[in-house]
1. Give the residue, chosen from Pro217, Pro189, Pro198, that is touching a residue at least 40 places away in the same chain (Cβ under 8 Å), exposed (fewer than 15 other Cβ atoms within 10 Å of the Cβ) and farther than 16 Å from Phe136 by Cα.
2. Answer with yes or no whether Ala153 is within 18 Å of Leu80 (Cα to Cα) and either more than 25 Å from the chain's Cα centre (by Cα) or not assigned by TED's automatic domain parsing to the domain that holds Gln15 (or both).
3. Do the conditions hold for Phe205, that is, is it in contact (Cβ under 8 Å) with a residue 12 or more places away in the chain, assigned by TED's automatic domain parsing to the domain that holds Ala121 and within 23 Å of Tyr23 (Cβ to Cβ)?
4. Output the number of residues of segment 33-54 satisfying the condition of being surrounded by fewer than 18 Cβ atoms within 10 Å (Cβ to Cβ) and either polar (S, T, N, Q) or under 14 Å from the mean Cα position of the chain (by Cα) (or both).
5. Looking at the structure I just gave you, is Ile90 in a helix (DSSP H, G or I), buried (at least 24 other Cβ atoms within 10 Å of the Cβ) and out of contact with any Ser or Thr (no Cβ under 9 Å at 6 or more places or on another chain)?
6. Condition check: without any contact (Cβ under 8 Å) to a residue 24 or more places away in the chain, closer than 21 Å to Ser24 by Cβ and either of a type outside the set (Asp, Glu) or not assigned by TED's automatic domain parsing to the domain that holds Gly70 (or both). Does Pro159 satisfy that?
7. Which of (1) surrounded by 13 or more Cβ atoms within 10 Å (Cβ to Cβ); (2) of a type in the set (Gly, Ala, Ser); (3) more than 30 Å from Ala9 (Cβ to Cβ) is the odd one out, the single condition Ala182 does not satisfy?
8. Looking only at segment 111-132, which residues are free of Cβ contacts under 8 Å to residues at least 12 places away in the same chain and under 18 Å from the mean Cα position of the chain (by Cα)?
Amino acid sequence: MLTAIYAVAVGITQQHPKVVLAYSSVSQMGFVAAVIGAGIAHGDAATPLLAAFYAGHHVLLKGAMFLLVGVVAATSAGRLRGTLALAAVIAAGLGGLPPTGGFIAKYAVKGPLGDGWIATAAAVSAVGTTLLMLHFVRRVRTVAATAPDARAAPGLTGPWLALAAASLVVPWALYAMLPLGAATDAFAPNALWAGLWPVLVGGVFAVALARWGAALPRIPDGDVVVVIDGAVRGASAATPRAVAADAVLRRWPAATLLLVGIAAALAAAMAAGRV
């Protein structure tokens, strides 16, 4: 759950739509890991199937969104209204918007998550997912073609529309085929509200982000990797000193002293264990 929420916090600072999608995928994999861990903790035998079901929806939706970037890049901004409206619905679906495929995917994994703090964290994650995906829809407009008459070829729009439709329909079809419960239960008022309110809150935050997001710090894409790269460079600079220290420790007097010290510490630990 930390990964699910942390990736959202970094993702909303990103500007390139594909980088935003990448952070969304990191967030969703954290959520899937949380579903698996919670299911194991609760002894839910259906957890593997439920986690795979949720991840399957994510694959369809995220594939559609990556294709969308190509469609937008080949289309003028004036021709994108319908495309972006459909994209916004599908994007909010990843947060659990009823009655999209994402809604039934979120509904399916509520069992393993239980009713404790992790269920609360899952709701917070759904708010963040909605915020991040709507941020993606806003950012993807920036890559639109500059030519006013540009239009994406059918070879681009066809696969995008096919995957978009699959992300909406396939999860419902699979849910009806698999032993996951009655699909009609998902339309109970409390279930619909549980799916809707995180999307509404995420939408409000998305409006706020569009208005005041420029004040957020600019975290480099790759965040942790950037820190690791810096640490590696620092370690490389320290290599000559490490080599010199290794040469000293390899000498017999130093090595013997270290070996005697380790043996003494091990003997002391064994004696303490017996006591």
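The values are calculated or read from the model by the stated rules, or taken from the named source; none is laboratory data. The structure displayed is predicted, hence computed values, not measured ones. Neighbour counts run over all protein chains shown; Cβ positions are idealised from the backbone, glycine included.
1. It is Pro217.
2. yes
3. Yes.
4. Counting residues in segment 33-54 that are surrounded by fewer than 18 Cβ atoms within 10 Å (Cβ to Cβ) and either polar (S, T, N, Q) or under 14 Å from the mean Cα position of the chain (by Cα) (or both) gives 1.
5. no
6. No.
7. (1)
8. Residues of segment 111-132 free of Cβ contacts under 8 Å to residues at least 12 places away in the same chain: 115-117, 119-120.
Scanning segment 111-132 gives Ala119, Thr120.
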